[in-house]
1. Of the residues 379, 412, which is at pLDDT 95 or above, under 24 Å from the mean Cα position of the chain (by Cα) and surrounded by fewer than 24 Cβ atoms within 10 Å (Cβ to Cβ)?
2. What single numbered condition from (1) free of Cβ contacts under 8 Å to residues at least 60 places away in the same chain; (2) within 24 Å of the chain's Cα centre (by Cα) fails to hold for residue 119?
3. Here are some residues: 435, 388. Which one is near the ligand (Cβ under 10 Å from one of its atoms), in contact with a strand residue (DSSP E or B) (Cβ under 9 Å, 6 or more places away or on another chain), in a helix (DSSP H, G or I) and under 22 Å from residue 28 (Cβ atoms)?
4. Residue 337 is checked against (1) under 21 Å from residue 132 (Cα atoms); (2) touching a helix residue (DSSP H, G or I) at 6+ places or on another chain (Cβ under 8 Å) and fails just one. What number does that condition carry?
5. Just give me the residues in segment 476-502 being under 16 Å from residue 541 (Cβ atoms) and exposed (fewer than 12 other Cβ atoms within 10 Å of the Cβ), in sequence order.
6. Hey, among 346, 351, which residue is within 14 Å of the ligand (Cβ to nearest atom), over 29 Å from residue 310 (Cα atoms), at pLDDT below 95 and surrounded by fewer than 23 Cβ atoms within 10 Å (Cβ to Cβ)?
7. Would you be able to tell me the number of residues in segment 250-271 that are more than 20 Å from residue 346 (Cβ to Cβ) and within 11 Å of the ligand (Cβ to nearest atom)?
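The values are calculated or read from the model by the stated rules, or taken from the named source; none is laboratory data. Note that the structure is a prediction, hence the values are computed from the model and not measured. Virtual Cβ from ideal backbone geometry, glycine too; neighbours counted across all protein chains shown.
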Ligand SMILES: Cc1cc2nc3c(=O)[nH]c(=O)nc-3n(C[C@H](O)[C@H](O)[C@H](O)COP(=O)(O)OP(=O)(O)OC[C@H]3O[C@@H](n4cnc5c(N)ncnc54)[C@H](O)[C@@H]3O)c2cc1C
């Protein structure tokens, strides 16, 4: 058997993940831990400076409420999220994040992030809630603050350690298991409380970019469903597992469109020149009341474009040149000022990509695209799981302690498993928190977790027999390879094992063809989903046969197992919800209408670690009174 050295780490609070919500959790928890003589430990599969969805940088902070300047109220934000998610959101969580997010943004600025300001010193807004930033080094700045806070409180950081399994005893979290992605070391983390912040998931569905483009996606390839896996396998109740996110972005390099739509007020059109948001306006009646209110939900905007594609009117284009020229037109009587403005807009257009999606700038350059002269193709991406953005999947967590919410069973952001907290993409039904809101939610969870430890934290009782068995299971793909690698002339093909890359292709084929991926034009049905469930049985069986040639592939094996569980929770929940609520994200062709009478509710699910059975359940939607 592969026999890695076992490293045991004991801590009070364990934060799994090192992204935006983890950094928020670490910064806040370290402060309270120091006061109470507690230890905080953070574990990231990558290097903190450039890990997670913000690794490449961002060009905007997407959640800033602006309470200080009276720009908006917290209630405005709650209404905005309710509207965008077609009525299904945890308003207590959204409210809680909204009331803390501005202070988080002010901290970012204090730590050195450059937020654009105008001549009067006011933040430059991209849209109502978004602030423009020079964000190439966004993650480094936020990570530095977390590192400093942990160092000051005597905490620890483990980088390049892949968290594989939760450790749970009697519905109480007691730690986590993982392995180093660089050395033959197996980690046993023992903790009194754990915050799960391992991001969302990509490559569960077959991406548009295959062959030479494989690996390119809108969502960064590093997050592979570990938050969902960790919380599901712990036995936590999950929510909104059907609410995937499909962004419409510049095609093939997935460049951002926010600046174009919001800052430059650009139009999106079909190849025939029709603006689908105007031409297909009547379709929005079918999705009332959400289709008729402003802003039109993201999924409905996608859907109108998809209808154009279905009707053979594609490709779709972003009218970049029209938008730029329209803005510069204000200076048309002054050639010098016109030229200056055009130069400025042109550089803002490129900067937007260079800040966060460099590959889009490369694609534009390679295809001779000058945004001021020529429009650019846009398309709906493959589906992703990102509950912090415009998706909603994640764990079902307890609401804020001081709010009169019906969803409360303990400490803020604690899942239904005792001592296990979740934030960012890890917690569900609280969309539109983005980078700043995820950090704020991490802070909320960090403070609550320390309070839990102070009031209730018991020394973790670890079952060593269980740990040994799990260690053997986690390292088994290396043994599988060693046992059978000589029984083939082609290492990629063997009747006794499957390599992670092939396994990922099988998962993606199931999801794409049966669960409403790109090649199925995002459509699915009861029969298709049931067939997916049949195929999942074989996929799960074969996951026991995963083989890894080295440490790198061992990580890939477990990433794909995590993706598989995320995929299964998704399929089960789409099957459970017998309506279509988010066309443009997915369309259940057999139940093509929204059914407010029966499905204005959360669709939750839970996997029972004792029996291995799934349970599906409805939960009521509660609106904040008067909002
Ligand atoms: C393409 C894109 C563009 C975006 N644009 C904007 C924008 O313009 N403005 C904005 O405000 N927000 C934007 N967002 C949203 C923002 O990035 C997310 O909301 C935020 O990063 C979520 O924080 P998180 O902590 O949940 O996840 P992440 O920040 O993604 O962090 C996840 C962490 O978990 C770690 N991890 C994963 N698996 C494991 C494992 N098994 N073991 C250990 N560690 C693990 C990762 O290495 C990473 O450190 C964008 C997101 C994407 C994907």
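1. Details: 412 fails: surrounded by fewer than 24 Cβ atoms within 10 Å (Cβ to Cβ).
379 is the lone residue from the list that is at pLDDT 95 or above, under 24 Å from the mean Cα position of the chain (by Cα) and surrounded by fewer than 24 Cβ atoms within 10 Å (Cβ to Cβ).
2. Status for residue 119: all satisfied but (2).
3. Among 435, 388, only 435 is near the ligand (Cβ under 10 Å from one of its atoms), in contact with a strand residue (DSSP E or B) (Cβ under 9 Å, 6 or more places away or on another chain), in a helix (DSSP H, G or I) and under 22 Å from residue 28 (Cβ atoms).
4. The number of the failed condition is (1).
5. Answer for segment 476-502, where residues must be under 16 Å from residue 541 (Cβ atoms) and exposed (fewer than 12 other Cβ atoms within 10 Å of the Cβ): just 495.
6. Details: 346 fails: within 14 Å of the ligand (Cβ to nearest atom).
From the options 346, 351, the qualifying one is 351.
7. Of the residues in that region, 1 qualify.
So that you can scan it fast, the table gives a plain yes or no per residue for (1) without any contact (Cβ under 8 Å) to a residue 24 or more places away in the chain; (2) within 16 Å of the ligand (Cβ to nearest atom); (3) touching a strand residue (DSSP E or B) at 6+ places or on another chain (Cβ under 8 Å); (4) over 30 Å from residue 452 (Cβ atoms):
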position: 1; (1), (2), (3), (4): no, no, no, yes
position: 14; (1), (2), (3), (4): no, yes, yes, no
position: 27; (1), (2), (3), (4): no, yes, no, no
position: 32; (1), (2), (3), (4): no, no, no, no
position: 39; (1), (2), (3), (4): no, no, yes, no
position: 50; (1), (2), (3), (4): no, yes, no, yes
position: 55; (1), (2), (3), (4): no, yes, no, yes
position: 69; (1), (2), (3), (4): no, no, no, yes
position: 79; (1), (2), (3), (4): no, no, no, yes
